[in-house]
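Novice: This is the structure, below, for whatever I ask next.
The values are calculated or read from the model by the stated rules, or taken from the named source; none is laboratory data. Keep in mind that this is a model prediction, so the values were computed, not measured. All Cβ positions, even for glycine, are placed from backbone atoms using ideal geometry, and neighbour counts span all protein chains on display. Surface areas here come from the heavy atoms of the whole protein model, side chains and all, with no ligands, DNA or RNA. Shrake-Rupley method; radii C 1.70, N 1.55, O 1.52, S 1.80 Å.
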Amino acid sequence: MEGGRRWEDLAMDCLVNVFSRLNLEDLTLGVPFVCKSWHKASLDPQCWKILNFRALDLMPWGNFSKRFAQEYRIKSFSFSSFMKLATARSRRSAIDLSLPSTAFIASLPDLIYASNECPRVKLLALPDILQPYEKHIPEILGRWKELEFLDMGLKPLSFVPILEQISLKCKSFVGLQMYGCLYREDALAIVTHLPKLKYLAMKGSYLSKQELLVILDGCRELEELDVTRCRGFDVDDEILRKASGIKAFEYKGSKFHDDYDEYDQDVLWGLVLGVHRFHQS
């Protein structure tokens, strides 16, 4: 409106404060093309502290990938190049990093690069790691000294070494999320290396009552435990008694036997992969 204050005339710190709440799609395909002041504000590292790549359609035929290639006048979209752009703009200030859930998009070199360029990450979501890469994961995770929460997706073969590294290197670690087949050695590793866990989510996993009791007995500081839609146990009075001190104990849909008509197909596929990996190890 004539005579009124224009958005582009807002103070730079106000623009940065607003833009820091936007997602990566808005920061790359929206605000930079509005005006010069908005473009300048969008480059501030404060806008790039949360790098959630999972919120984007990163497949080559995806809407985001095609729009990005068009706007930046490149022949084809590359996740590795896009991640390097985002991490460069964060200037090592990123604290929340969610990589694409599939390793066919985010590769081991991408993870190594992120560990070098985003050393202050506190919340990390990993892709499902391909087997040849798994032996490298414990050492890479140990680089994030300030890590507090890890979503590792499908439980990798290197599960126990990963917990060992977290215990040694990540002194503020309090939260773990994963799914797959948990065996006794996995439950023992959780309570041995992460006894002070406050948040543990194993939604859609397979574990027996014995493994669950090991965790309940060993992780006495748990505040939230999610075993929704798990298989291998029925939630009985003994489990409820041992979990009574947990503020949020979620177990809806968990049961001893599988009901394949109702069970989530993604979870079933994850369990199949977990069993396959176990027999290959």
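Residues are listed down the side, and each one gets a yes or a no for (1) open to solvent by 40 Å² or more (accessible area, probe 1.4 Å); (2) within 16 Å of residue 156 (Cα to Cα); (3) not β-branched (Val, Ile, Thr):
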residue: 87; (1), (2), (3): no, no, no
residue: 97; (1), (2), (3): no, no, yes
residue: 113; (1), (2), (3): yes, no, yes
residue: 117; (1), (2), (3): yes, no, yes
residue: 121; (1), (2), (3): no, no, no
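Novice: Mind counting the residues in segment 64-85 that are in a helix (DSSP H, G or I) and open to solvent by 10 Å² or more (accessible area, probe 1.4 Å)?
Specialist: Qualifying residue count, segment 64-85: 11.
Novice: Could you list, in sequence order, all residues of segment 186-196 that are crowded, with 17+ Cβ neighbours inside 10 Å and closer than 17 Å to residue 122 by Cα?
Specialist: Hit for segment 186-196 is 194, nothing else.
Novice: Let me ask you something else. Among the residues of segment 162-214, count how many are under 12 Å from residue 227 (Cβ atoms) and of a type in the set (Lys, Arg).
Specialist: Residues that pass the stated criteria total 2.
Novice: Determine whether residue 105 is closer than 25 Å to residue 202 by Cβ, touching a residue at least 24 places away in the same chain (Cβ under 8 Å), of a type outside the set (S, T, N, Q) and in a helix (DSSP H, G or I). Give the derivation first.
Specialist: Working: closer than 25 Å to residue 202 by Cβ: yes; touching a residue at least 24 places away in the same chain (Cβ under 8 Å): yes; of a type outside the set (S, T, N, Q): yes; in a helix (DSSP H, G or I): no.
No; evaluated as a whole, the condition is false for this residue.
So that you can scan it fast, the table gives a plain yes or no per residue for (1) more than 24 Å from residue 142 (Cβ to Cβ); (2) of a type in the set (Lys, Arg):
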residue	(1), (2)
178	no, no
184	yes, yes
192	no, no
197	no, no
219	no, no
250	yes, no
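Novice: Residues being farther than 23 Å from residue 147 by Cβ and either buried (at least 16 other Cβ atoms within 10 Å of the Cβ) or free of Cβ contacts under 8 Å to residues at least 12 places away in the same chain (or both): count how many of those fall in segment 210-226. So that I can check it myself, show each step before the final result.
Specialist: First, pick out the residues of segment 210-226 that are farther than 23 Å from residue 147 by Cβ: 210-214, 216-217.
Now restrict to residues that are either buried (at least 16 other Cβ atoms within 10 Å of the Cβ) or free of Cβ contacts under 8 Å to residues at least 12 places away in the same chain (or both): 211-214, 216.
Going through segment 210-226 one residue at a time, the tally reaches 5.
Novice: Scan segment 52-63 residue by residue and report those that are small (Gly, Ala, Ser), open to solvent by less than 50 Å² (accessible area, probe 1.4 Å) and part of a helix (DSSP H, G or I). Outline the logic, then answer.
Specialist: Taking segment 52-63 and keeping what is small (Gly, Ala, Ser), we get 55, 62.
Subset that is open to solvent by less than 50 Å² (accessible area, probe 1.4 Å): 62.
Matches in segment 52-63: none.
Novice: Checking the conditions here, which among 206, 183, 199 is more than 20 Å from residue 146 (Cα to Cα), open to solvent by 70 Å² or more (accessible area, probe 1.4 Å) and in contact (Cβ under 8 Å) with a residue 40 or more places away in the chain?
Specialist: Details: 183 fails: open to solvent by 70 Å² or more (accessible area, probe 1.4 Å); 199 fails: more than 20 Å from residue 146 (Cα to Cα).
The match here is 206.
Novice: Take segment 96-121 and flag every residue that is at pLDDT 85 or above and touching a strand residue (DSSP E or B) at 6+ places or on another chain (Cβ under 7 Å).
Specialist: Within segment 96-121, 96, 97, 98, 99, 114, 118, 121 qualify.
Novice: Would you confirm, using the coordinates I've provided, whether residue 138 is open to solvent by 30 Å² or more (accessible area, probe 1.4 Å), more than 20 Å from residue 54 (Cβ to Cβ) and in contact with a helix residue (DSSP H, G or I) (Cβ under 8 Å, 6 or more places away or on another chain)? Before you say what the answer is, go through the steps one by one.
Specialist: Working: open to solvent by 30 Å² or more (accessible area, probe 1.4 Å): no; more than 20 Å from residue 54 (Cβ to Cβ): yes; in contact with a helix residue (DSSP H, G or I) (Cβ under 8 Å, 6 or more places away or on another chain): yes.
The answer is no for residue 138.
Novice: Moving to a separate point now. Select from segment 34-51 the residues that are part of a helix (DSSP H, G or I) and farther than 21 Å from residue 83 by Cβ and write down the one among them that is least open to solvent (accessible area, probe 1.4 Å).
Specialist: Kept after step one, since they are part of a helix (DSSP H, G or I), are these residues of segment 34-51: 36-42, 45-48.
Then keep just the ones that are farther than 21 Å from residue 83 by Cβ; that gives 36-38, 40-41.
Values: 36: 183, 37: 30, 38: 44, 40: 136, 41: 1 Å².
Here the residue is 41.
Novice: Just to verify a result, which residue in segment 232-259, among those that are among the hydrophobic types (A, V, I, L, M, F, W, C) and in contact with a Ser or Thr (Cβ under 8 Å, 6 or more places away or on another chain), is surrounded by the fewest Cβ atoms within 10 Å (Cβ to Cβ)? Walk me through how you get there before you give the answer.
Specialist: The first filter runs over segment 232-259 and keeps only residues among the hydrophobic types (A, V, I, L, M, F, W, C), leaving 233, 235, 239-240, 243, 246, 248-249, 256.
Then keep just the ones that are in contact with a Ser or Thr (Cβ under 8 Å, 6 or more places away or on another chain); that gives 233, 235.
Details: 233: 20, 235: 18.
Among residues in segment 232-259 that are among the hydrophobic types (A, V, I, L, M, F, W, C) and in contact with a Ser or Thr (Cβ under 8 Å, 6 or more places away or on another chain), the one surrounded by the fewest Cβ atoms within 10 Å (Cβ to Cβ) is 235.
Novice: For the list (1) on the phi < 0 side of the Ramachandran plot; (2) surrounded by 19 or more Cβ atoms within 10 Å (Cβ to Cβ), I need the number of the one condition that residue 229 fails.
Specialist: Answer for residue 229: the failing condition is (1).
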